[in-house]
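The block underneath contains the structure these notes are about, expressed in C-alpha cells.
The values are calculated or read from the model by the stated rules, or taken from the named source; none is laboratory data. If you're wondering where the values come from, they're calculated on a predicted model, not measured in any experiment. Here the Cβ positions follow ideal geometry from the backbone for every residue, glycine too, while neighbour counts run over all protein chains shown. Ligands, DNA and RNA are excluded from the accessible area calculation, which covers all protein heavy atoms including side chains. Shrake-Rupley method; radii C 1.70, N 1.55, O 1.52, S 1.80 Å.
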Amino acid sequence: MTFTTRLTAAVLCGAVVAASVPATASAHPARGSLLDVVPVSTMDTNQLVGYLGDHALDASRVRFAVDAKRITYRTIDAFGRPTTASALIALPRNGDRTPRQATWLHGTTGYRGSVASVADGNDRAATYLFASAGYLTTAPDYLGLGTGPGFHPYVDARSTVTASVDALRAAREYATTQGLRPDRRVMITGHSQGGHAAMALGEALQNGADARLEVGALAPIGGPFKPSLLVDRALDDEIANGVAYMAYWTVAWNRLFHLYDDPAEVFRDPSVEALFDGDHRNEDIFPRLPATMRELLTDSYFARLQHPTGVLKARLREADSTCDWRPKVPVTIYSSAGDRDTLLETSAYCDRQLKQRHARSTLVDLGADVGHGKAAKLALPRILASFDRS
C-alpha cells in the first residue's frame, strides 16, 4: 500500500488510521464531533493591531474584530483508538455567513500547555492574523497537546492529519451553531513541523478525506520535508537545536514504532526519555540535554541512525514522502538560507518533488539573514495576501 493510499484511508469519515484496527461504527463514533467550547478572548481591531505588532507581525490587513474559542472534539489516536483533541478556532466579526476558511499548523512543541488554544504566543497570533482578515481559522493542537490526553506523536504525518481534519470538522460544527456555512475551501499553512503537516493535510483533503472540505491553497513555511537528511546533518551537529529535536523524535517514534526496549539502549542518560512526556517545559528540558549528538546517543544507536534498516528505514522513507504528490492548487514554499533548523535544502527538495509531478510550485528564499523563527514572521503577511487572491 502506498503512503497516499494509507493517508487517505486514515482520514475518511469513520475510518481508522491503522489497518490492524477494525473499522466499526461503534469503535469510532462521530469523529470530529464537538465536545466542548471554552471562550479564549475577544479583540476589537485596535486591540488586534497592537497585539499582532507585539508579536512582530504586520497588522496592516486587520479588518475585523475576532472571537476565539478553545474547542475539544472527538478524534482517533495514532493506533486508531478513540480519543479527544483540542484546537483554537478564531472567528471574524464581519457578518459574513459563508466565511472563508484557513488553518494554521504549529511547529515543534514539547510542552502541552504551549499550544495556541491554551497559551498566548506566536501560534495564537498567527491564528488571529488570518481571522482578523476575515477567515474562520482553525489551529489544531494535535494529539497529546493542549487538553488532549496521552503523548504527542511527533512528526507522524498520519496522526497529525487525522487530528487536523477532525479539528476542521469540529470547527465547521461550531460554525453551524452560529448560523454560518463556511466555504468548503481550506487555505492551509504552517511552520516547521506544521509545514510538513500542511503538505500531508493538503494531500489528504485532495484525496477526499472529507467531502465537505477541499484544498484552497498551500503555503508551508520551513518544513522538515526530508527528515532523513536532517537526521544525517544532526548527527554531524549541523542542525540548530538538533539534540533536542533528535531526542524528542526518538522518544516519540519509539512509542509509535518500537525502536528500542530500554532508553539506555539509545540515550547515554536514560532519564532523557522522561523529559518528553508533554508535561516538561522548554526550560526544564534544555538544561538537561547535552551539547552534542555523541553525548546524547549511545554508540550503537548513533551507528544505527547512520545506516537505518528495518522499521526505522521504512518510516523515514514515509516521512520523506509528504511532497510526493501533485496538488491541484499552486504551492508556495517559504524557507530561508539562514534557517539552521530545517534547512533551505529540505524545502528545495519538496519543491523539486512537486515539480517532478508537474505541480505548480514556487520556492521563496527569505534570505541568508533570516533564521528559522523569523521566517514565519516574514512569510505570514505574504501568505495572507496570497490567500486573499486565491
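All conditions in (1) part of a loop (DSSP other than H, G, I, E, B); (2) within 14 Å of G194 (Cβ to Cβ) hold for A139, with the sole exception of (1). Out of the residues in the stretch 29-70 that are surrounded by fewer than 18 Cβ atoms within 10 Å (Cβ to Cβ) and of a type in the set (S, T, Y), state the one that is nearest to the chain's Cα centre (by Cα). Within the stretch 29-70, the match that is nearest to the chain's Cα centre (by Cα) is S33. Screening the stretch 301-390 for helices (runs of 4 or more DSSP H) wholly inside it with 1 or more residues that are among the hydroxyl-bearing types (S, T, Y), touching a strand residue (DSSP E or B) at 6+ places or on another chain (Cβ under 6 Å) and surrounded by 17 or more Cβ atoms within 10 Å (Cβ to Cβ) returns the ranges 344-356.
Could you please let me know if R212 is in a loop (DSSP other than H, G, I, E, B), farther than 15 Å from D166 by Cβ and among the charged types (D, E, K, R)? So R212 does not fit the description; no.
Which pairs have Cβ atoms under 6 Å, sit 6 or more apart or on different chains, and link a residue in the stretch 375-390 that is within 10 Å of A126 (Cβ to Cβ) to one that is open to solvent by 60 Å² or more (accessible area, probe 1.4 Å)? So the pair list comes out as K377/A56; L384/R61. When R281, R288, R268 are screened for being touching a residue at least 60 places away in the same chain (Cβ under 8 Å) and surrounded by fewer than 18 Cβ atoms within 10 Å (Cβ to Cβ), only R281 passes. The listed residues are T137, T108, and the only one of them that is among the polar types (S, T, N, Q) and either surrounded by fewer than 20 Cβ atoms within 10 Å (Cβ to Cβ) or more than 19 Å from A170 (Cβ to Cβ) (or both) turns out to be T108.
Being small (G, A, S) and touching a Phe, Trp or Tyr at 6+ places or on another chain (Cβ under 6 Å) is the requirement here; does G150 meet it? Spelling it out, it is not the case that G150 is small (G, A, S) and touching a Phe, Trp or Tyr at 6+ places or on another chain (Cβ under 6 Å). Consider the stretch 159-206 and keep the residues that are of a type in the set (V, I, T) and outside any helix (DSSP H, G or I). The one that is surrounded by the most Cβ atoms within 10 Å (Cβ to Cβ) is I188. Taking the criterion of being surrounded by fewer than 19 Cβ atoms within 10 Å (Cβ to Cβ) and not in a loop (DSSP other than H, G, I, E, B), the only residue of the stretch 236-254 that qualifies is N254.
Only a single criterion out of (1) over 25 Å from the mean Cα position of the chain (by Cα); (2) assigned to a helix (DSSP H, G or I) is not satisfied by P290, namely (2). Among the conditions (1) under 30 Å from S114 (Cβ atoms); (2) open to solvent by less than 40 Å² (accessible area, probe 1.4 Å); (3) within 26 Å of the chain's Cα centre (by Cα), L297 misses just one, which is (3). Would you check if there is a residue in the stretch 165-177 being of a type in the set (S, T, N, Q), more than 23 Å from Y334 (Cα to Cα) and more than 16 Å from the chain's Cα centre (by Cα)? Yes: one or more hits.
Here F225 passes the criteria (1) under 30 Å from R100 (Cβ atoms); (2) open to solvent by less than 20 Å² (accessible area, probe 1.4 Å); (3) touching a strand residue (DSSP E or B) at 6+ places or on another chain (Cβ under 7 Å) except the one numbered (3).
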